[in-house]
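Since every read-out is calculated from the coordinates, none of them should be taken as a lab result. Treat the numbers as computed from the prediction; the structure is a model and nothing was measured. With ideal geometry, Cβ positions are generated from the backbone for all residues, glycine too; neighbour counts draw on all protein chains shown.
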Amino acid sequence: VVSPPDTVHFLSDYGLRDEFVGVVHATLHRIAPHVHVVDLTHGLRAFDVRGAGLLLARVLPHLGPGVILGVVDPGVGGSRRGLCIEVHDQSGPRWLVGPDNGLLMAAADATGPIAQAIELNGVPESARRGTAPADAVGRWSGPVTFDGRDLFAPAAAALCRGTLPDQLGAAADPDTLIRLPPPVAERGVSSDGRPCLRAEVTWVDRFGNVKTSVAVDDELVASLPLGSVVSLASAGSPGSDPVQLRTVRAFAELGQDELGAMADADGHLAIVAAQRSAALLLDLGIGDLVELWW
Amino acid sequence: VVSPPDTVHFLSDYGLRDEFVGVVHATLHRIAPHVHVVDLTHGLRAFDVRGAGLLLARVLPHLGPGVILGVVDPGVGGSRRGLCIEVHDQSGPRWLVGPDNGLLMAAADATGPIAQAIELNGVPESARRGTAPADAVGRWSGPVTFDGRDLFAPAAAALCRGTLPDQLGAAADPDTLIRLPPPVAERGVSSDGRPCLRAEVTWVDRFGNVKTSVAVDDELVASLPLGSVVSLASAGSPGSDPVQLRTVRAFAELGQDELGAMADADGHLAIVAAQRSAALLLDLGIGDLVELWW
Amino acid sequence: VVSPPDTVHFLSDYGLRDEFVGVVHATLHRIAPHVHVVDLTHGLRAFDVRGAGLLLARVLPHLGPGVILGVVDPGVGGSRRGLCIEVHDQSGPRWLVGPDNGLLMAAADATGPIAQAIELNGVPESARRGTAPADAVGRWSGPVTFDGRDLFAPAAAALCRGTLPDQLGAAADPDTLIRLPPPVAERGVSSDGRPCLRAEVTWVDRFGNVKTSVAVDDELVASLPLGSVVSLASAGSPGSDPVQLRTVRAFAELGQDELGAMADADGHLAIVAAQRSAALLLDLGIGDLVELWW
């Protein structure tokens, strides 16, 4: 017998200006007062399901056991399903709770085979304080815009009180769950005919560091000695001059006007500058495609 | 006998850039280490007491038992009183702590009759580490600018340690507490002579959804079938063309260039768009007046 | 015997948009599930080690016992040391954990003599999930960009599990620790020949209040009666007209177009306006030098 989880790791695109995050916390605490909530981030770009999923996948290896509550949910109130997905890694079971729009799946699939997937159509009404009385459906009805508060938090809290996933709804076929395309990371030929790595910008952090989809343990990249020069071009601007990046271990090795390529905290190649924003200098943002060669 | 509260729900206009919220947390934890703090939001507009009060009123039904600590306090250091207000709802007693400027009263009055109101003029000095020694008063004196740290958090923490409200100060007459006017929501005649609902924008969230003061269980609104078209005009621009909103249940029903009217998560009519900011499209902000008709 | 700390006070320049703060929380909770984390702020200006250190020094007297985890770390991955510094005040021992770049030292030196300083070169690998296997060093190696997650949080969590500081690394000579210059606060002569106080802007808060380095218990300032007029000039603009500040106890005493000088919450002179930003009105920012006379 596994004891119920007592931690909820929570990420969303709710931001911190409105009351959304606070109300979800209050709801979790009201239903399961012993729960410890770790806020992973609420600063995700509004509606950016894919970016959220990539962030969750890279964060997950650092989390202790418990529930993951992920809410970036442009389809709220429509026909998309709510999910509880159970996966197992070396630290035991994990439960991922959120919408069936791809947000949870990059992390789930990276962790291990899906033990069970539940469609959240049986979360007890008693936990769902904000939901509509049944007879109101069909007209304005009750709130259907805040499933973070009304469906997902109650489901996460119920798990922490010992409710089993299959008590929260019906089994869903894992093969039917929505998965989003992984970031581009492939060997290719550049627009002017050179062999190159084609990669995607997967994140830009507050310091302006540009995370790419290229893993530094990729055979080609791993063989690059520190101090090499890597050329970078934006795939969207074929005529523009490439810039030079120096491969370094740490920011402090870079001169003031230099750009670097570095292994980031998650084992991917990042494009960086010393105490300046590489993203601003190079006009790069999430989803942009770049070409790298040397 | 009621056991002391162990949860503090905290909202403020402190923002998260400075140390204000952190120091209040540290103070609560220093005085009452067992307390669980739920941050409702600290992103309230600076000095916007009325907006904060409306937010608190709509959030309160989702909170479990405990203390509410609300600080938007342009009058800090002046003659405005500090308050602890006790109200009761079906989940038991609640204590609202903050300045006597109207912030707490929309929520308190919506919850139930006021059991007691205490002016916080007797909070033990021992808890008020930052305050001035008595003999300094009259010149620069000690700090009088951070009652969140020096008065309200110590009072909230004292309640969580079992101090009774009437040990924190003298009774105040509930009728003397400052109340702010509720948002405009009335039947009227539009500037060009049509019968209409006159409503106020009470919030704009990070997604650009525009919350109005119109309750969807208002008789007139409740009778509107989904799929109706509602006309909207800004009361401040009488000559401008009205825009059309389609009444829908969920964002996903709206086309890319369409505006909608929807029941929001708190049972009010919201003006929305699909993955776009209705507030930006319509140039609407908190406090703006609009007219709706159909 | 002192029992291990159970609270970590955490400040950084990580911001709240990325996952950095969340992953540090998750790491602390994974290693030491009983730890209570108080976020002091994560909105520090990127790379502003000195501003962070001044903030920590003014916040520290309000903190209960425990660990302080401070991360503003432009030198991460380079040769700068990681530190655990132990100081004692009337509430018992405190441990400050972070980089050896000056961030921790204003607070440590203000608290009391340094009982011990440890270079964090012996934090157990088992706690450092993200770090590189030893044989990878020299090429890309593992992550060296996120010591908040990989070094400092594990060290803070280890302290909370009863590990002693000297089990985390070797003793460092307190005299070798990096200290930053304190803010300018001196009697001087203004650029046009008047005796004046020369002061530095040490913070601008979200309301636009301008904190200066002048302590209000400075003999000269303490003798200023409330209602006095103080002249202020920016040291950087010698030709410009000085502005007049009225010394007041509280914001509410100021008229709409008036500027004030007030004792702030930490006993320093602040330049303020009523519900407006003095910083915007006077174009003042952190690090600016001003002259005050009367």
Value in Å of the Kirkwood radius, where chain C supplies the Cα pairs that are averaged
20.8
Between C:62, C:34, C:268, which gets the highest mean-square fluctuation from a Gaussian network model of chain C, Cα cutoff 10 Å?
C:62
Square roots of 5 times each gyration tensor eigenvalue, C-alpha, the protein assembly as shown, largest first, Å:
40, 40, 29
Rank by packing, highest mean first: peptides C:182-190, A:212-220, with packing defined as the count of other Cβ atoms within 10 Å averaged across residues.
A:212-220, C:182-190
From the P(r) of the stretch C:215-294, could you give the percentage of C-alpha pairs in the tail past 21 Å?
23
May I ask you to report, in nm to one decimal and beginning with the shortest, the distances from residue A:220 to the same position in the other copies, taking label points 7 Å along Cα-to-Cβ?
6.6, 6.6
In B, who owns the beta-carbon nearest the axis carrying B over to C, and how many Å from it?
B:16, 4
Looking at the stretch A:41-108 from every direction and averaging, what is the projected area of its Cα convex hull in nm²?
4.3
If each of residue B:6 and residue A:189 carries a label point 7 Å out from its Cα toward its Cβ, how far apart are those two points in nm?
6.8
By per-residue mean of other Cβ atoms within 10 Å, what is the highest-first order of A:224-230, C:35-41?
C:35-41, A:224-230
Hey, fewest Cβ within 10 Å first, where do A:237, B:231 land in order?
A:237, B:231
Okay, which of the stretch A:145-185 sit inside 14 Å, backbone N to the point 7 Å along the Cα-Cβ direction of residue A:121?
A:168-173
If you look at just the Cα atoms of the stretch B:188-250, how large are its Rg and its Dmax in Å?
12.4, 34
So how far apart, in nm, are the two label points at residue A:110 and residue B:171 if each is 7 Å from Cα heading toward Cβ?
6.2
Could you work out the Kirkwood radius for the stretch C:142-294, taking every pair of different alpha carbons, averaging 1/r and inverting it, reported in Å?
18.1
If we hang a label 7 Å off Cα along the beta carbon direction at residue B:116, how far is it from the matching labels on the other copies, in nm, shortest first?
5.0, 5.0
Placing the label point 7 Å from Cα along the Cα-to-Cβ direction, what are the distances from residue A:192 to the equivalent spots in the other copies, shortest first, in nm to one decimal?
5.9, 5.9
Rounded to the nearest 5, what % of DSSP beta bridges with both residues in chain A are antiparallel?
70
Calculate the spin-label point distance for residue B:226 paired with residue B:293, positioning each point 7 Å from the Cα along the beta-carbon direction, and give it in nanometres.
2.8
Extension length gain for residue C:275 and residue C:257 (0.36 nm per residue less Cα distance), in nm, is 5.5 nm
Roughly speaking, what is the centre-to-centre gap between the stretch C:89-115 and the stretch B:23-75 when only Cα atoms are used, to the nearest Å?
31
Once the mean 1/r over all distinct Cα pairs of the stretch B:1-80 is inverted, what Kirkwood radius in angstroms do you read off?
13.6
What's the center-to-center distance, using Cα atoms, between the stretch A:144-194 and the stretch A:240-270 in Å?
33
Taking the highest mean first, how do the peptides B:95-102, A:285-292, C:196-203 order by number of other beta carbon atoms within 10 angstrom per residue?
B:95-102, C:196-203, A:285-292
